[in-house]
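The values are calculated or read from the model by the stated rules, or taken from the named source; none is laboratory data. Please read these numbers as outputs of a predicted model, since none were measured by experiment. No Cβ is skipped: glycine too gets one built from the backbone with ideal geometry, and neighbour counts run over all protein chains shown.
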Amino acid sequence: MKEYEVIIGLEVHVELLTESKMFCGCSTKFGASPNTQVCPICLGMPGVLPTINYKAIELGIKTAIAFNCNISSFCRFARKNYFYPDLPKNYQISQYEEPLAQNGFLVVDGHKIFLKRIHIEEDAGKLLHSSEKENFSLVDFNRAGIPLLEIVSEPDIRSPEEAEKYLEILKHNLEYLRVSDCNMEEGSLRCDANISVREKGVNSFGIKTEIKNMNSFKSVRKALSFEAERQISLLNKGEKILQETRLWNENLQITEEMRSKEEAHDYRYFPEPDLVPLKIDKELIEKIKSQIGELPEEKLNRFKNQYNLSYYDASVLTSKKEIADYFETCLSYLSNPKILTNWIMGDLMALTKEKKIKFDENPVSPKLLTELVKLVIDGKITGTIGKEILKEVFNTGKTPSEIIKEKNLVQIQDEDFLTKIVKEVLEENPKAISDYKEGKKQAIGFLIGKVMQKTKGKANPNKTQEIIIKYIKE
């Protein structure tokens, strides 16, 4: 049996975080009623003239810098001519021979994956299909004209798993750069994959297929795995692989033929006559470069070293830029990285997940969280009560001090009062006393828990333990 090698290249389309479209002033906000965010320009009416959204250009340059690309000092837009129902002009304004940037790379597990090009174009509209029985489609042009960044890799990816990891790293960086929200459910990030197989040791490429309609990174991995097996099976049977575009069927978990590449039309690119070429000088590049800041891997390594965190803790805290920023703002109020890490990664992130909100929508400010944590550290409230107060702060917006005062939650420090409660607990639990004397140290925890129950979590745990041990030994 012959051994084969998988060759993969990815084309990623990213909607840019601009307030207006690429060549007109229409809003890019997601979720509006169909065909309410359109104008004569993005609808392709006769006689209209597009104008360039320079915010989109700046975001494209920022991405190119972060991905180690050579940025063109001169580039221009081109018309890509083809007909499709959701493309109102019957051509797409894109870039062809003179893209924004070329020859960058990303590192995935120590392996450089090179980028062929990064260019800017406009998105098409969206088709809404009815059921097979009704058999009609509607067109929503709200998306038509939204700025897109296309990031094209070289065929350097060697497994479906590496393709998934590449996409995760790409998305993580794009989110940090604030160039896109990368929300695949809303279509902000879409991926087409090119895949071929060849015998190991052979330098030439095999016949490739393109796969579309993948709505998650997991789907990309599954589609590529299926397609690799399909192609290898054909070759082992002596059959030919056709150059074609295939769709991923999520329900059946297979790729299906969409169209043959031999039937594809020539796009007849030519320079866009209504837009001036772009000249990008070094001063602009340097200005944008100074705005980039730390990227995810750099921040993760700094968090590990500077704050003495484990790889896991550092990776969770840097998984989103807003979480990392929140953590470091907390440190400006309270210099205790490990305790803050536990509160953020534990209770606070659990609350955001429970409420199904993004972390940056969390109502507990760094100042409020650190105020609460200080109260626990100083022994004014127990950790158990602190967790309950955090929920209250999250739900009401009140400060920890206000909640403690309203509910009389200050930790009980009075030794006479605690001694009285401890004596009651010891009388009620003679077996736990015997267990402790027999060397079962966990019995102390059980007894402390009973004291906490009687004091509604307000007893000072350290003082409680001291009193329990004192009376057990008498």
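Only one of these is of a type in the set (Val, Ile, Thr), within 24 Å of residue 185 (Cα to Cα) and touching a Pro at 6+ places or on another chain (Cβ under 7 Å): 18, 63. Name it.
Selected residue: 18, the only one of 18, 63 that is of a type in the set (Val, Ile, Thr), within 24 Å of residue 185 (Cα to Cα) and touching a Pro at 6+ places or on another chain (Cβ under 7 Å).
Kindly indicate whether residue 134 is assigned by TED's automatic domain parsing to the domain that holds residue 194, assigned to a loop (DSSP other than H, G, I, E, B) and touching a Cys at 6+ places or on another chain (Cβ under 6 Å).
No; evaluated as a whole, the condition is false for this residue.
Yes/no matrix, rows are residues, columns are (1) among the hydrophobic types (A, V, I, L, M, F, W, C); (2) exposed (fewer than 12 other Cβ atoms within 10 Å of the Cβ); (3) farther than 24 Å from residue 96 by Cα:
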site: 185; (1), (2), (3): no, yes, yes
site: 191; (1), (2), (3): yes, no, no
site: 197; (1), (2), (3): yes, no, yes
site: 207; (1), (2), (3): yes, no, no
site: 215; (1), (2), (3): no, no, yes
site: 239; (1), (2), (3): no, yes, yes
site: 247; (1), (2), (3): yes, no, yes
site: 270; (1), (2), (3): yes, no, no
site: 290; (1), (2), (3): no, yes, yes
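With respect to residue 202, determine if the residue is touching a Phe, Trp or Tyr at 6+ places or on another chain (Cβ under 6 Å) and either farther than 17 Å from residue 12 by Cβ or surrounded by fewer than 21 Cβ atoms within 10 Å (Cβ to Cβ) (or both).
In short, no.
Can you name the residue in the range 126-176 that is surrounded by 12 or more Cβ atoms within 10 Å (Cβ to Cβ) and small (Gly, Ala, Ser) and is also nearest to residue 86 (Cα to Cα) among such residues?
Among residues in the range 126-176 that are surrounded by 12 or more Cβ atoms within 10 Å (Cβ to Cβ) and small (Gly, Ala, Ser), the one nearest to residue 86 (Cα to Cα) is 144.
Output the number of the condition that residue 78 fails; it satisfies all remaining conditions of (1) more than 23 Å from residue 165 (Cβ to Cβ); (2) surrounded by fewer than 17 Cβ atoms within 10 Å (Cβ to Cβ).
Result: residue 78 fails condition (2) only.
In the set 206, 201, which member is part of a loop (DSSP other than H, G, I, E, B), touching a Leu at 6+ places or on another chain (Cβ under 9 Å), assigned by TED's automatic domain parsing to the domain that holds residue 149 and more than 21 Å from residue 126 (Cα to Cα)?
Result of the check over 206, 201: 206.
Quick one: in the range 288-325, which of the residues that are closer than 20 Å to residue 343 by Cα and of a type in the set (A, V, I, L, M) is farthest from the chain's Cα centre (by Cα)?
Ranking the qualifying residues of the range 288-325, first place goes to 309.
Identify all residues within the range 144-194 that are charged (D, E, K, R), in a helix (DSSP H, G or I) and under 21 Å from residue 297 (Cβ atoms); write none if there are none.
161, 162, 164, 165, 168, 171, 175
Please pick out the residue among 151, 169, 211, 146 that is over 27 Å from residue 96 (Cβ atoms) and β-branched (Val, Ile, Thr).
169
Of all residues in the range 332-347, how many are in a helix (DSSP H, G or I) and either among the basic types (Lys, Arg) or free of Cβ contacts under 8 Å to residues at least 24 places away in the same chain (or both)?
Total satisfying the criteria: 3.
Residues 353, 321, 304, 338: which one is outside the structural domain of residue 65 (by TED's automatic domain parsing), surrounded by 19 or more Cβ atoms within 10 Å (Cβ to Cβ) and not aliphatic (A, V, I, L, M)?
Result of the check over 353, 321, 304, 338: 321.
Is there a residue in the range 364-371 that is over 29 Å from the mean Cα position of the chain (by Cα), buried (at least 16 other Cβ atoms within 10 Å of the Cβ), among the polar types (S, T, N, Q) and within 27 Å of residue 462 (Cβ to Cβ)?
Looking for residues that are over 29 Å from the mean Cα position of the chain (by Cα), buried (at least 16 other Cβ atoms within 10 Å of the Cβ), among the polar types (S, T, N, Q) and within 27 Å of residue 462 (Cβ to Cβ), one finds none in the range 364-371, hence no.
Does residue 30 satisfy the criteria of being part of a loop (DSSP other than H, G, I, E, B), under 23 Å from the mean Cα position of the chain (by Cα) and under 14 Å from residue 146 (Cα atoms)?
yes
Just to verify a result, which residue in the range 61-75, among those that are of a type in the set (S, T, N, Q) and surrounded by fewer than 19 Cβ atoms within 10 Å (Cβ to Cβ), is nearest to residue 276 (Cα to Cα)?
My answer is 73.
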